[in-house]
Amino acid sequence: MSTGHPQLVAAIASEIAREGPIPFVRFMELALYHPQFGYYMRFPEAGVERIGWNGDFYTSSDVHPILGQAIARQAAQIDALLGYPDPFTVVEMGPGKGLLASHVLSGLQLAPQSLAHRLRYVLIECSPAMRAMQQRHLELWLEQPGCVSWVEDVGSLAQESVRGLMFSNELPDAFPVHRVQKKDHALWEVFVDVRDDGFVERLQGLSTRAIAEYLQRIHVELPEGYRTEVNLRAPGWMSQVANSLEQGVVITIDYGHAAEDLYGPERSRGTLLCYHSQMAGEDPYVRVGEQDITAHVDFTTLATVGEQSGLSVTGFTNQMSFLMGLGIEDMMAQLAPDSAEFRAAIHLLKPEGMGRTFKILVQHKALDRPALDGLTFRPFFGSALSRHVTA
Ligand SMILES: C[S@@+](CC[C@H](N)C(=O)[O-])C[C@H]1O[C@@H](n2cnc3c(N)ncnc32)[C@H](O)[C@@H]1O
């Protein structure tokens, strides 16, 4: 029996009754982004939090402001490399509740060369409910006219309109994904149907040839029985990001891998996970609309698509190395080693946790390969993303 937000479950069931079984990607899109009832689109009931210690999952900015401070330091260096343009634009994509934005904005106040007066901070957020939450967290900045603004999707930024930094933390992992399975030497797609009041899976032929083409492009041949996800939204998003950047840097922070690892033998059940009340689960057909659904990101494809759209790979690193390059040790030196704040900062660095799970892809456009502090330490060698991408 599938459980979840009753009106959302009814809306999905009625689409299936009308159209027949729907590809998993459509189920996930409705579960997270149904315009009225989706997990991210609904205004949460009083007292309910999605992101944060009392929510379903927490992100780095709930742990400590140090990631935002590091991004601000990186942005200030990019500002200098660009020759202090006016405006210098920072675009944050998928800002969650706006906490990271408030940390980055605070950090940027400390930047030299009167960046505060030239700064334009644009948040890209598809959900009106999340936008309202971001506005609450950024009240202080809204008092400065023209400093902070919102756009619904990256495609609405004018072509080559951004000089500065475009970044995201945990965005492409939240895009709806296709789920596929190799069976009887053929590739099948997971569709979702209704039976006995519950959502059930059916394997059917691929809903689009783009899935097979995607796997061919990264030279992946799945073995018998292998089940995984294909994120067809991520490449389109990356090329839109590339098109809107005139000159500057793109930083994508997320959990994920190079394609070779993402589709390697140790992930034969895929990476789809659901989060509710800080617990990870594997069943997307329970708590529909009341739990987050995510899948790990294929950084090789982001890098390749970026290259095709004019973005060169500057480097590929992890959160621990990125923070170390941006002086986390100096920042932590100001904290008492037995303080909760110090322990929180360590949490972001842990090699067996957030420090290594989170990968960071850095790309640049219209700049000679910039030497960025966030890439001082390189835990991966040049070939990490693939033979076809230079890093
Ligand atoms: C997992 S949260 C991001 C967490 C946040 N960056 C942080 O550091 O706490 C994903 C966010 O991306 C938004 N989102 C999802 N798809 C989007 C899209 N295509 N365009 C803009 N925002 C999107 C969601 O509404 C949500 O605010």
>> Let me see the P(r) profile for region 31-147: every Cα-Cα distance counted, bins of 5 Å, each bin given as a percent of all pairs.
In response: 2, 11, 20, 22, 17, 12, 8, 5, 2, 0
>> Please report the spacing between the Cα centers of region 97-173 and region 244-323 in Å, no decimals.
In response: 21 Å
> Which GluC sites (Glu not before Pro) from region 300-391 combine a DSSP loop assignment with at most 13 other Cβ atoms within 10 Å?
Replying inline: GLU352
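What order do you get for 219-227, 6-14 when each peptide is scored by the mean count of other beta carbon atoms within 10 Å, highest first? Could you put the intermediate results ahead of the total?
Values: 219-227: 13.6, 6-14: 16.9.
Per-residue mean Cβ counts within 10 Å order the peptides as 6-14, 219-227.
Please grab the % of Cα pairs in region 184-251 that end up more than 14 Å from each other.
Summing the P(r) of region 184-251 above 14 Å gives 71 percent of all pairs.
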> Each residue of region 121-134 in turn: what ³J(HN,Hα) in whole Hz from Karplus with 6.51, -1.76, 1.60 and θ = phi - 60°, glycine and Pro shown as x?
Replying inline: 10, 10, 9, 9, 9, 7, 9, x, 5, 5, 4, 4, 5, 4
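Send over the per residue convex hull volume for the chain, Cα only, as a whole number of Å³.
Numbers: hull volume 55.0 nm³, N = 391.
Convex hull volume per residue, Cα atoms: 141 Å³.
Relative contact order, percent, of the chain when contacts are C-alpha pairs under 8 Å separated by at least 6 residues? If you can, show how the numbers build up before the last one.
Details: 785 pairs, mean separation 75.8, N = 391.
That works out to 19 percent.
Could you give the dipole magnitude of the chain about its Cα centre, charging the beta-carbon of Lys and Arg +1 and that of Asp and Glu -1, in debye to the nearest 20?
Numbers: 31 positive and 46 negative charges, 94 e Å.
The calculated dipole for the chain is roughly 460 debye.
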> Label-point separation (nm) for TRP150 and ALA366, each offset 7 Å from Cα along Cα-to-Cβ?
Replying inline: 2.9 nm
>> Quick check: net charge around LYS365, other residues with Cβ under 12 Å of its Cβ, Lys/Arg +1 and Asp/Glu -1?
In response: -2
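Give a quick list of chymotrypsin sites (Phe, Trp or Tyr not before Pro) in region 14-87 that DSSP marks as loop, anything other than H, G, I, E or B, with at most 11 other Cβ atoms within 10 Å. Let's see the in-between values first.
Working: sites: PHE24, PHE27, TYR33, PHE37, TYR39, TYR40, TRP53, PHE57, TYR58; in loops: PHE37, TYR39, TYR40, TRP53, TYR58.
Within region 14-87, the qualifying chymotrypsin sites (Phe, Trp or Tyr not before Pro) (loop, at most 11 other Cβ atoms within 10 Å) are TRP53.
Between ARG356 and ARG209, what is the FRET efficiency for a Förster distance of 45 Å, r being their Cβ-Cβ separation, to the nearest 0.05?
Working: r = 35 Å, r/R0 = 0.79.
Result of the calculation: an efficiency of 0.80.
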> Counting only residues 5 or more places away or on other chains, whose amide H sits under 5 Å from the amide H of GLY4 once H atoms are built in the peptide plane?
Replying inline: ARG287, VAL288
> Can you list, bin by bin at 5 Å, the percent of alpha carbon pairs in region 286-383, starting at 0?
Replying inline: 2, 12, 17, 18, 16, 12, 11, 8, 4, 1
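Once the Cβ-Cβ distance between SER161 and MET279 is put in as r, and R0 is 35 Å, what FRET efficiency do you end up with, to the nearest 0.05? Could the numbers behind the result be given before it?
On the way: r = 42 Å, r/R0 = 1.19.
It comes to 0.25.
Using r as the Cβ-Cβ distance of GLU19 and ALA344, and R0 as 45 Å, what FRET efficiency do you calculate, to the nearest 0.05?
Calculated value: 0.45.
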> Does anything in region 237-264 have its amide N under 12 Å from the 7 Å Cα→Cβ label point of HIS185, and if so which residues?
Replying inline: none
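Could you pull out the GluC sites (Glu not before Pro) across region 109-198 that fall in loop regions by DSSP (anything but H, G, I, E, B) with no more than 12 other Cβ atoms inside 10 Å?
Working: sites: GLU125, GLU139, GLU143, GLU152, GLU160, GLU170, GLU189; in loops: GLU125, GLU143, GLU152, GLU160, GLU170.
Taking region 109-198 and a limit of 12 other Cβ atoms within 10 Å, the loop GluC sites (Glu not before Pro) found are GLU143, GLU152.
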> Separation between the ASN54 and ARG217 pseudo-spin-labels, each 7 Å from Cα along Cα→Cβ, expressed in nm?
Replying inline: 4.3 nm
> Based solely on its DSSP helices, what 222 nm [θ] is calculated for the chain when runs of n ≥ 4 H residues each add -39,500 (n - 2.57) and the sum is averaged over all residues, nearest 500 deg cm²/dmol?
Replying inline: -9500 deg cm²/dmol
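Cβ under 15 Å from ARG136's Cβ, ARG136 left aside: what net charge do those residues give with Lys, Arg +1 and Asp, Glu -1? Kindly include the intermediate steps, with their values, before the conclusion.
Details: positive: ARG50, LYS97, ARG131; negative: GLU49, GLU125, GLU139, GLU143.
Every neighbour counted, the sum reads -1.
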> Local charge sum around LEU157 (other residues, Cβ-Cβ under 15 Å, Lys/Arg +1, Asp/Glu -1)?
Replying inline: -3
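Since every read-out is calculated from the coordinates, none of them should be taken as a lab result. These numbers were taken from a predicted model, which means no experiment stands behind them. Quick reminder, even Gly has a Cβ in these numbers, built from the backbone with ideal geometry, and neighbours come from all protein chains shown.
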